[in-house]
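Asker: Have a look at this one before I ask anything.
The values are calculated or read from the model by the stated rules, or taken from the named source; none is laboratory data. Please read all numbers here as calculations on a predicted model, not as lab measurements. Every residue, glycine among them, receives a Cβ derived from its backbone with ideal geometry; neighbour counts consider all protein chains shown.
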């Protein structure tokens, strides 16, 4: 898809405002990093006051930047907005790392059009890295363009697993796992690691829409493959409450790597 096929692309002024908004949130998160207490949400995951503040700040900011476009966020409204364009936000992906003082967490923001992400910002404050993706136009890391072929120069043989997919290692004891295992503890960054060549594949067992929103577009724009293992997010309808909906997926840098991981992904899904 080219930029002309996006019905209402963001203006350069809107994009700049989003960058300023992410700057503001990232600054606050760095101030609170490793210095704040966490609570446990009903689903067993952690949340901090910084999560709540970040969510409210981003949602309020997007309301000013893109008036009339709904927002779905991890700590706020979790139903798909009825507007033609809407936003999906994870204000602080990797709260466990953040609260523990591990410098690996992300701010994830994606704008959807026609049920698919068309603009995405994924920011890693502690590492001073920001990825911008625009459908049909490409991906930039700290304002420098990324190309699909660049990831193959790294010769990685690492595969990222989430904490809930690690049990897949017990399901095929007679077979060696097809790569070196990495658990980064941040869903969005697990997936994005494939797109930028840090890993060759990633398996996510229970990601929510806010976990995958920005990474989804980054992967697609850098020609990575995505295999939805159950529900395809493109099939969800406006008004649907996604609080308890998972979108398990396997992503890989090439068809060969995808095929090597598919038996493991199938085994994982069969154990649900």
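Asker: Can you pull out the residues in segment 153-168 that are in a helix (DSSP H, G or I) and either touching a helix residue (DSSP H, G or I) at 6+ places or on another chain (Cβ under 9 Å) or not assigned by TED's automatic domain parsing to the domain that holds residue 214 (or both)?
Answerer: Matches in segment 153-168: 167, 168.
Asker: Name, by its number, the condition in (1) surrounded by 22 or more Cβ atoms within 10 Å (Cβ to Cβ); (2) part of a strand (DSSP E or B); (3) free of Cβ contacts under 8 Å to residues at least 60 places away in the same chain that does not hold for residue 133.
Answerer: (3)
Asker: Tell me, please, whether a residue that is over 21 Å from residue 192 (Cα atoms) and not assigned by TED's automatic domain parsing to the domain that holds residue 217 can be found in segment 86-99.
Answerer: Scanning segment 86-99, I find at least one residue that is over 21 Å from residue 192 (Cα atoms) and not assigned by TED's automatic domain parsing to the domain that holds residue 217, so the answer is yes.
Asker: Could you figure out which of (1) touching a residue at least 60 places away in the same chain (Cβ under 8 Å); (2) exposed (fewer than 15 other Cβ atoms within 10 Å of the Cβ); (3) closer than 26 Å to residue 120 by Cα isn't true of residue 163?
Answerer: Against the list (1) touching a residue at least 60 places away in the same chain (Cβ under 8 Å); (2) exposed (fewer than 15 other Cβ atoms within 10 Å of the Cβ); (3) closer than 26 Å to residue 120 by Cα, residue 163 comes up short only on (1).
Asker: Considering (1) surrounded by fewer than 21 Cβ atoms within 10 Å (Cβ to Cβ); (2) out of contact with any strand residue (DSSP E or B) (no Cβ under 8 Å at 6 or more places or on another chain); (3) assigned to a helix (DSSP H, G or I), say which one residue 59 fails and leave the rest.
Answerer: Residue 59 satisfies all of (1) surrounded by fewer than 21 Cβ atoms within 10 Å (Cβ to Cβ); (2) out of contact with any strand residue (DSSP E or B) (no Cβ under 8 Å at 6 or more places or on another chain); (3) assigned to a helix (DSSP H, G or I) except (2).
Asker: Inside segment 235-272, can you point out the residues that are in contact with a strand residue (DSSP E or B) (Cβ under 8 Å, 6 or more places away or on another chain) and part of a helix (DSSP H, G or I)?
Answerer: Scanning segment 235-272 gives 255, 257, 258, 260, 261, 262, 264, 265, 268.
Asker: Next up: Looking only at residues in segment 30-54 that are surrounded by 15 or more Cβ atoms within 10 Å (Cβ to Cβ) and under 18 Å from the mean Cα position of the chain (by Cα), which one is farthest from residue 102 (Cα to Cα)?
Answerer: Residue satisfying both the conditions and the ranking: 54.
Asker: Further question on the same structure: Examine segment 102-122 for a residue that is closer than 26 Å to residue 43 by Cα, modelled with pLDDT under 95 and not in a loop (DSSP other than H, G, I, E, B), and state whether such a residue exists.
Answerer: No, segment 102-122 contains no residue that is closer than 26 Å to residue 43 by Cα, modelled with pLDDT under 95 and not in a loop (DSSP other than H, G, I, E, B).
Asker: Would you mention how many residues in segment 55-95 are closer than 19 Å to residue 31 by Cβ, under 18 Å from the mean Cα position of the chain (by Cα) and in contact (Cβ under 8 Å) with a residue 40 or more places away in the chain?
Answerer: 6
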